[in-house]
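Report on one structure; see the data block that follows.
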Amino acid sequence: MTIFAVMKKILPFFITLIFPITISAQINLENFSGSATEGAVFAQMRKTRAYGNDLPTVGSPYINENFAEGEVFYKNKSLGVYLYRHNAFNDEVEVVKPGDESIKYVKDEQGNFVPAEGESSSLATIKEIVLKDKENGLLLSLRTINNEDGALRNAYLYTLASGKNYNLYFQNRVGFKEGVRAVNSMVRTTPNRFTHFQEFYIQKNNEEVAYFFSGKKKDLVKVLKQGDTDQALNIINEQRLKVKNREDLIILVNELNKE
C-alpha cells in the first residue's frame with residue numbers, strides 16, 4: 001500500500017478551486033486509475049533513502065540537479081506550469097509551484113536555489129499524467145515496461161517518437177553503488193557512486209507494455225510486430241542507420257509508422 005496525502009503547503013488554493021472533491025487519505029496508487037478525482041495528481045511521496053554511511057558521494061540521483069519548467073497534463077487537460085526535476089534513482093518526479101512564497105529555498109552544492117527538504121511534492125504514480133518539458137518539449141509519463149531482465153514494472157519514460165504502429169521511449173536510470181572505507185593505509189577509500197544509464201523501449205500500439213530494446217539489430221524481432229522485422233532491416237540498410245544511436249532509432253520508428 002502506497003501512502004498518499006494531498007499536499008497541504010504547495011497547492012491548497014489550486015486544489016480548492018479546481019478539485020472540490022476531497023479524496024481518501026490513503027490510495028493504492030499502483031491500481032489507481034485517476035477516476036476518483038484529479039486532485040490525486042499531486043502527492044507527498046518523499047522517498048528519502050539513507051545510504052548507511054558518511055562517505056563522500058560521486059554523482060547525483062537526479063537527471064539534473066536544477067529544477068526546470070514543465071507543464072503538467074492530466075487526461076490531456078493542462079494543470080499549469082511547475083518546476084520539476086526527475087530523481088531517477090527513486091524514479092520520482094519532484095514538483096513545486098513557481099512563485100509560491102510559502103516554500104522555503106536553500107542553496108545546493110552547486111549554488112542553485114532549490115526547495116528545502118520536504119517542501120516539494122511529487123507527481124502521483126498515475127499513468128494519465130504527462131509532464132512536458134518547456135525547454136526541449138520532451139514528454140515524461142509513467143509506463144509499464146518489460147525491462148532487460150524480463151520483469152514487469154512501472155517506470156517514468158521519455159517519449160522520443162509516437163505513431164500509429166509504434167511508440168519509442170527512453171528511460172533515464174540511475175544505479176547506486178555503496179562505497180567502502182579503507183581499512184588501512186594501503187587501501188583507498190572508495191566513495192558512494194551514482195551511475196547514469198539510458199535505455200530504449202519500444203511499444204506496439206495495440207499493447208500496454210513497452211519492451212526493452214538492446215540497440216542490437218538481432219533483437220528487433222523481440223520488440224516489433226510479426227512481419228515488420230524484415231522491413232526494419234531494409235530501412236536500416238538503405239539509410240545506413242545505427243540503431244544504438246538515438247537519432248537513428250527515431251528515424252527507424254518514424255519510418256515504421258508510415259506504413
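No lab work stands behind these numbers, since they all come straight from the coordinates. These numbers were taken from a predicted model, which means no experiment stands behind them. Because the Cβ atoms are built from the backbone with ideal geometry, glycine has one as well, and the counts that use them run over all protein chains shown.
Selection within region 138-152: residues that are in a strand (DSSP E or B) and touching a residue at least 60 places away in the same chain (Cβ under 8 Å). The member of this set that is surrounded by the fewest Cβ atoms within 10 Å (Cβ to Cβ) is T144. Scanning region 173-229 for residues that are surrounded by fewer than 18 Cβ atoms within 10 Å (Cβ to Cβ) and part of a helix (DSSP H, G or I) returns K217, K218, D219, V221, K222, T229. Within region 119-127, does at least one residue satisfy the condition of being within 16 Å of the chain's Cα centre (by Cα) and within 30 Å of E259 (Cα to Cα)? Among the residues of region 119-127, at least one is within 16 Å of the chain's Cα centre (by Cα) and within 30 Å of E259 (Cα to Cα), which makes the answer yes.
Each row is one residue, and each column tells you yes or no for (1) touching a helix residue (DSSP H, G or I) at 6+ places or on another chain (Cβ under 9 Å); (2) under 18 Å from V41 (Cα atoms).
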residue	(1), (2)
E128	yes, yes
G163	yes, no
V174	no, no
M186	no, no
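With respect to the conditions (1) in contact with a strand residue (DSSP E or B) (Cβ under 7 Å, 6 or more places away or on another chain); (2) without any contact (Cβ under 8 Å) to a residue 12 or more places away in the chain; (3) not hydrophobic (A, V, I, L, M, F, W, C), K225 falls short on a single one, namely (2).
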